[in-house]
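Here the structure is laid out as structure tokens; the discussion comes afterwards.
The values are calculated or read from the model by the stated rules, or taken from the named source; none is laboratory data. Here the structure is a predicted model, which means the values were calculated and not measured. As a convention, Cβ positions derive from the backbone with ideal geometry for all residues, glycine included, and neighbour counts pool all protein chains shown.
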Amino acid sequence: MKFIYQTWWKVLAVILVFSTFFTGLLFHVPTLPVLHETIRNLYFHVPMWMAMLTVFVVSVFYSVKYLSTGKEEHDLAAVECVNTGLLFYSLGLVTGMIWAKYTWGEFWSGDPKQNSAAIAFLLYCAYLVLRNSIDEEQKRAKISAIYNIFAFPIMIVLIFILPRMTDSLHPGSGGNPAFGKYDLDNGMKIAFYPAMLGWSFIALWIATIRYRIRLIEYKKNAIN
Amino acid sequence: MNLINQTWHLFKKEILLEWRSKYAFNGVLLYVVSTVFICYISFNLTPGFEHSGGYKIVWNVLFWIIILFASVNAIAKSFMQESKSRLLYYYTIASPQAIILSKIIYNILLMSLLSILALIVYLLFFTNTIGDPIFYFLSVLLGSCSFSTVFTMISAIASKAGNNGTLMSILSFPVIIPVILVLIRLSKGAMDGLERSLNYGNIGVLCAINVIVLATSLLLFPYLWRD
């Protein structure tokens, strides 16, 4: 847990994200039909999902840890990671929708990728509802940890596996090539990989701050 | 060996209890039959609908929706009907894996039986348009297995969290939507009599979801039952 109090990765996150504002907007990108300059959305849309995935993985890790140790802090970490993940989830959906407006013609065109992303959003909303429905703290922590672990593989199947099997317009799905195949030349990689790393660190940073606030509240409310 | 033995005994107990009261089975069967009948009457209001182009799609989707709600009703009971003291007694004599496994196997049996009967009733009332009956039958069986595995674990979670029906549907619907999407695609393929090899991918996804859900249930249930 010492990691969350260190400074170096937070500085790194800020530098990386700032650098992608310049490299992402200024560097050369391949000229492709339909996409044109919207290909730059790759630097801002995909990292949101990467950030979400990072905090969700951390959340599952802490849920597992809660079940094995029963420490209240682990539950707080898990729930704050999910809250942060949902923020990046919405950002990922919004950036995807703006991109879809310019390439597919509609904000929401019922594409399988969009639909399953919306369903997976419900999955995590159900997690929050489940938390609110139980009053007893330890019971709430335990049951929501179980649901969190249960929901994670389903979310992976929904977002990353199912759309690939249907006729989705989303790059990387339904036989469409992902950008990684041959559009992602070396120039784009310079902007893309730092963005992925930087936004993941930003998400972790937000989650740790929220966790620390919750921890202070928890300690204040504790009976000594 | 111990686990298999315990599971077998608990499974026999579930069947025996159900056999004595026949409550869940008859209740859900009546539910299915009356839903099918309501649909039949409603469709009869527009004569000639079975010759229109959309009939097959409606046929297929309607069948799955009926099965979905029937299975929510049937499986939600699996943990709620147990009294607290009886659960406590099970925990002293059997391992948690045996309890969840026996419930899952029992629900698979119940749902397979129910959905086969539902299919027969459905075929009686609505004109048969299935192109590949054996494959459609297989998809119905796969569907009832998947519904059982998913709903059993969710009903265990919901029963620990206050036992209300709202929570059960909130928790289960996001989980069941991918399953039902794949199922509708699979059974639509069987209905149109498509080449079977086209659907192997869908069967693979369903089996994968089942294995994931089963594995997570077995891993997580031991933490869930301890109060």
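Do we have any residue at all in the stretch A:20-33 that's crowded, with 16+ Cβ neighbours inside 10 Å, among the hydrophobic types (A, V, I, L, M, F, W, C) and in a helix (DSSP H, G or I)? Steps first, please.
Step one: of the stretch A:20-33, the residues crowded, with 16+ Cβ neighbours inside 10 Å are A:20, A:23-24, A:29.
This time we only want the ones that are among the hydrophobic types (A, V, I, L, M, F, W, C), so: A:29.
When the remaining residues are screened for being in a helix (DSSP H, G or I), the result is none.
Among the residues of the stretch A:20-33, not one is crowded, with 16+ Cβ neighbours inside 10 Å, among the hydrophobic types (A, V, I, L, M, F, W, C) and in a helix (DSSP H, G or I), which makes the answer no.
With respect to residue B:130, is the statement that it is touching a Leu at 6+ places or on another chain (Cβ under 9 Å), away from every other protein chain (no Cβ under 11 Å) and not in a helix (DSSP H, G or I) true?
Yes, satisfied.
Looking at the stretch B:177-187, which of the residues that are buried (at least 22 other Cβ atoms within 10 Å of the Cβ) and not polar (S, T, N, Q) is farthest from the chain's Cα centre (by Cα)?
B:186
Can you find a residue that is crowded, with 19+ Cβ neighbours inside 10 Å and either under 28 Å from residue A:128 (Cβ atoms) or modelled with pLDDT under 85 (or both) anywhere in the stretch B:125-137?
yes
(1) among the small types (Gly, Ala, Ser); (2) part of a helix (DSSP H, G or I); (3) over 20 Å from residue B:149 (Cβ atoms): which one isn't true of residue B:53, the others all being true?
Unmet condition: (2).
For the stretch A:41-76, name all the residues that are crowded, with 19+ Cβ neighbours inside 10 Å, under 30 Å from residue A:97 (Cα atoms) and not aliphatic (A, V, I, L, M).
A:43, A:44, A:45, A:47, A:49, A:54, A:56, A:59
Just to be sure I understand, how many residues within the stretch A:118-137 are of a type in the set (A, V, I, L, M, F, W, C) and surrounded by fewer than 18 Cβ atoms within 10 Å (Cβ to Cβ)?
Number satisfying all stated conditions: 5.
Within the stretch A:96-103, is there a residue that is away from chain B (no Cβ under 14 Å), small (Gly, Ala, Ser) and more than 24 Å from residue A:221 (Cβ to Cβ)?
yes
Could you tell me whether the stretch B:204-218 includes any residue that is away from chain A (no Cβ under 12 Å), within 26 Å of residue A:118 (Cα to Cα), among the polar types (S, T, N, Q) and buried (at least 22 other Cβ atoms within 10 Å of the Cβ)?
Checked the stretch B:204-218: no residue is away from chain A (no Cβ under 12 Å), within 26 Å of residue A:118 (Cα to Cα), among the polar types (S, T, N, Q) and buried (at least 22 other Cβ atoms within 10 Å of the Cβ).
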